[in-house]
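Taking it in order: structure first as structure tokens, then the write-up.
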Amino acid sequence: MSEEKSAHYSVTWQEEEYIHPPNDFVGQANLTDPKIFERFSLENFPECFKEFADLLDWDQYWHTTLDTSDAPCWKWFVGGKINASYNCVDRHLDKYKNKTAIHFVPEPEDEPIVHLTYQDLYRRVNETAAVLRDFAGLKAGDRVTLHLPMTPELPITMLACARLGVIHSQVFAGFSGQACGERIWDSESRVLITIDSYYRSGKLLDHKAIGDVAVEVAKKEGQDVDKVLVWRRYPGKYSSAAPVVEGRDFFMDELLKEYRGKTVEPVSMPAEDILFLMYTSGSTGRPKGAQHSIGGYLAYVTWMSKNIQDIHPEDVYWCMADIGWITGHSFIVYGPLACAASSVIYEGVPTYPDAGRIWRIAEELDVNIFHTSPTAIRQLRKAGPDEPEKYNYDFKHMTTVGEPIEPAVWRWYYDVVGKKKAAIVDTWWQTETGGFLCSTVPGLAPMKPGSAGPGVPGIHPVIFDDEGNEIPAGAGKAGNICIKNPWPGLMQTIWKDRDRFVSTYYGKYNTNPDSKDWRDWPYMAGDAAVLAKDGYVRILGRVDDVINVAGHRLGTKEIESAALTVQEVAEAAVIAAKDEIKGVVPDLYVALKPGFEASDELAAKISQAVSTVVGKIARPRSVHIVPDMPKTRSGKIMRRILASISNQTEVGDVTSLANPDVVELILKKVQG
Ligand code: WTA
């Protein structure tokens, strides 16, 4: 790690004391065998992962656990055939037919909670698959874009696709039509599946209109969408101002009438075929489609759900993430359902209509496993620090994911939300990795507030400095966290862009691009981290141009290129400004083309452009129109200096800049 970077990622939290998981939790935990780490040592790699695959029902058992012939695009469980929808639904019918698979909690509190049993889910997935196959003409290997919010139709549609071997690409509902359209184009989807409307903060939002924009954008890029399938939030009633395009738009509830009771045989798919694409942000403006396999991915998230989330079939499990992000795919839909859990889906905003909503839902549904992000915890703590104790629920297990959690926030989560009775796991992982990389095993190891924990069984982390030297545990120095070995949940590649995959994740530390030996291919995650003596990892943040706003992953380049669509803007730079609730938020600096004047109207217009192009979640905290960007002599914008200005930290020595004087001007403008 260069001087500049390690200074930037200085560790400010104290090393915390261990907290041991409650005995009641340990007594019932799925994984308490201390030999687990021996079984998953590197000597036993890759065969140890058989234990993961054996949690699934295979149509045909595989012959090769790991095929490295196309390194670093690994193939897992080769020769195996499997269907993900069968594993999440059909196989539970014998034992759990009448058990709830999905509890759907609508945002309006006067709308009843919907409890879908595994039998209901089976029926709805089959009928939906029939529409996709027989009406929309979709078949194995086709891609379809979903732009769906948090209603049961989202997992139903995903599982219907999986049943057919159709590759789903779900785009977070909060993303704009522009962002969705680009993803339709990149994935070459000719079908878009959306919904007319859904609730957020008490408002029924018009969502279909955004789908129309997406179709237009995709068309301009050269991808035609010939069918838009529209779920309706209230079947039979269209709640959108957007016109229904004859011959292109169809209401799912109407189509389904033709397919009542229809069953669709799950298509037996090769394990290493693609289950889904999940677009995520990287260092360039263009989002990358993380390509996840069927067998490896499903085996990985199922094992993690069982052993790190500690899901038993009798548990009521609530992950408050959005299914539009990887956390929801892995830990609302595929993992928990493969474990026959009852999984809760909540449509709306955590603090709507008041700070007690979440705890009321937990009480009503008897939720005993709870999973959320530090941003949500901070929000809930701010809105109602004493709310949890007013409600009668019991969590045995809680998860935090998506950003580093401050020890003080961790303690509120443990003491007040968990009532000191729940084990907490701080799970560090990424869209690319399919499932957890670092976390404690909750029935085996103590928790340490602010640290994720060691690698989970089967994952062997290492921290390298910029030269590729290993930074030993306990050295107290930050470096780039890498994983020494491949694992079944790891993405196969970036959709249609193998070169970008290889250079992004392996370019820095692979020394022999022709090697077929996995030992030559440490996976570089793109996070800075420190490794304590006890093997616990503390994640400090991204080393690349990605920022995590409220746990939503955004590319600074995407925001910058959105700002550049405004014709007055000559240059744009986004930095991560610290925020009490959201962790970080984007602060946008722009310089104008000659002849244009700064004004509040122009700043508002630029902010609006970001919202339109990327989505509301990317809207900058402020737009600073500055006379010029601080630049190195080679013309590189010094984002670090802008970040110091936004975060009111020492700017440091700027004399080597090409234009040192501008720093003073910007400081005055921003800090007054
Ligand atoms: C960050 C979300 C600290 C990290 C699952 C990573 C975390 C990025 C943690 C991936 C954690 C995720 N502690 N930081 N427990 N979990 N991150 O792809 O910077 O949306 O690289 O996946 O989130 O974000 P993504």
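Details
- Some residue of the stretch 577-585 being away from the ligand (no atom under 16 Å from the Cβ) and part of a strand (DSSP E or B): yes
- Of the strands (runs of 3 or more DSSP E) lying entirely inside the stretch 443-537, those containing at least 3 residues that are under 25 Å from Gln291 (Cβ atoms) and either within 15 Å of the ligand (Cβ to nearest atom) or at pLDDT 95 or above (or both) are 479-483, 523-531.
- Any hit, the stretch 509-516, residues being touching a Ser or Thr at 6+ places or on another chain (Cβ under 7 Å), open to solvent by 30 Å² or more (accessible area, probe 1.4 Å) and over 30 Å from Pro594 (Cβ atoms): yes
- For Ile637, the conditions (1) in contact with a Lys or Arg (Cβ under 7 Å, 6 or more places away or on another chain); (2) open to solvent by 10 Å² or more (accessible area, probe 1.4 Å); (3) modelled with pLDDT of 90 or more are fulfilled apart from (3).
- Test: residue in the stretch 288-304 that is under 26 Å from Trp74 (Cα atoms), assigned to a loop (DSSP other than H, G, I, E, B) and within 16 Å of the ligand (Cβ to nearest atom): no
- Residue match in the stretch 326-338 (condition: in a loop (DSSP other than H, G, I, E, B) and either assigned by the TED database to the domain that holds Thr64 or within 16 Å of the ligand (Cβ to nearest atom) (or both)): no
- Some residue of the stretch 385-408 being at pLDDT below 95, assigned by the TED database to the domain that holds Asp110, surrounded by fewer than 23 Cβ atoms within 10 Å (Cβ to Cβ) and among the aliphatic types (A, V, I, L, M): yes
- Condition met for Val530 (under 26 Å from Pro586 (Cβ atoms), crowded, with 22+ Cβ neighbours inside 10 Å, β-branched (Val, Ile, Thr) and outside the structural domain of Ile459 (by the TED database)): yes
Rundown of residues vs (1) closer than 21 Å to Gly458 by Cα; (2) without any contact (Cβ under 8 Å) to a residue 60 or more places away in the chain; (3) of a type outside the set (Lys, Arg), yes/no style:
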position	(1), (2), (3)
Phe52	yes, no, yes
His63	yes, yes, yes
Trp74	yes, no, yes
Asp94	no, yes, yes
Ala101	no, no, yes
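- Test: Arg260 is under 28 Å from the mean Cα position of the chain (by Cα) and open to solvent by 60 Å² or more (accessible area, probe 1.4 Å): no
- When the helices (runs of 4 or more DSSP H) confined to the stretch 42-114 are screened for residues that are open to solvent by less than 30 Å² (accessible area, probe 1.4 Å), those reaching at least 3 such residues are found at 84-88.
- Apart from one condition, Glu403 fits all of (1) outside any loop (DSSP other than H, G, I, E, B); (2) within 13 Å of the ligand (Cβ to nearest atom); the exception is (1).
- Residue list for the stretch 576-597, filter: over 18 Å from Asn659 (Cβ atoms) and of a type in the set (A, V, I, L, M): Ala576, Ala577, Ile581, Val584, Val585, Leu588
- Pair list, Cβ under 8 Å, 6 or more apart: the stretch 504-522 residue farther than 13 Å from Asn469 by Cα, other residue open to solvent by less than 20 Å² (accessible area, probe 1.4 Å) and of a type in the set (Lys, Arg): Thr504/Lys288
- Test for Arg357: is it within 16 Å of the ligand (Cβ to nearest atom), over 27 Å from Ser169 (Cα atoms) and not polar (S, T, N, Q): no
- Complete set of residues in the stretch 424-438 that are outside any strand (DSSP E or B), near the ligand (Cβ under 8 Å from one of its atoms) and in contact with a strand residue (DSSP E or B) (Cβ under 7 Å, 6 or more places away or on another chain): Gln430, Thr431, Glu432
- Single unsatisfied condition, Ser373 versus (1) open to solvent by less than 20 Å² (accessible area, probe 1.4 Å); (2) within 14 Å of the ligand (Cβ to nearest atom); (3) within 20 Å of Asp426 (Cβ to Cβ): (1)
- Only one of Asn647, Asn659 that is surrounded by 12 or more Cβ atoms within 10 Å (Cβ to Cβ), under 33 Å from the mean Cα position of the chain (by Cα), modelled with pLDDT of 90 or more and not hydrophobic (A, V, I, L, M, F, W, C): Asn647
- Any hit, the stretch 607-618, residues being under 19 Å from the mean Cα position of the chain (by Cα), more than 16 Å from the ligand (Cβ to nearest atom) and surrounded by fewer than 22 Cβ atoms within 10 Å (Cβ to Cβ): yes
The values are calculated or read from the model by the stated rules, or taken from the named source; none is laboratory data. What you see is a predicted model; the values in this text were computed from it and never measured. Here Cβ is always computed from backbone atoms with ideal geometry, including for glycine, and neighbour counts include all displayed protein chains. Surface areas here come from the heavy atoms of the whole protein model, side chains and all, with no ligands, DNA or RNA. Shrake-Rupley method; radii C 1.70, N 1.55, O 1.52, S 1.80 Å.
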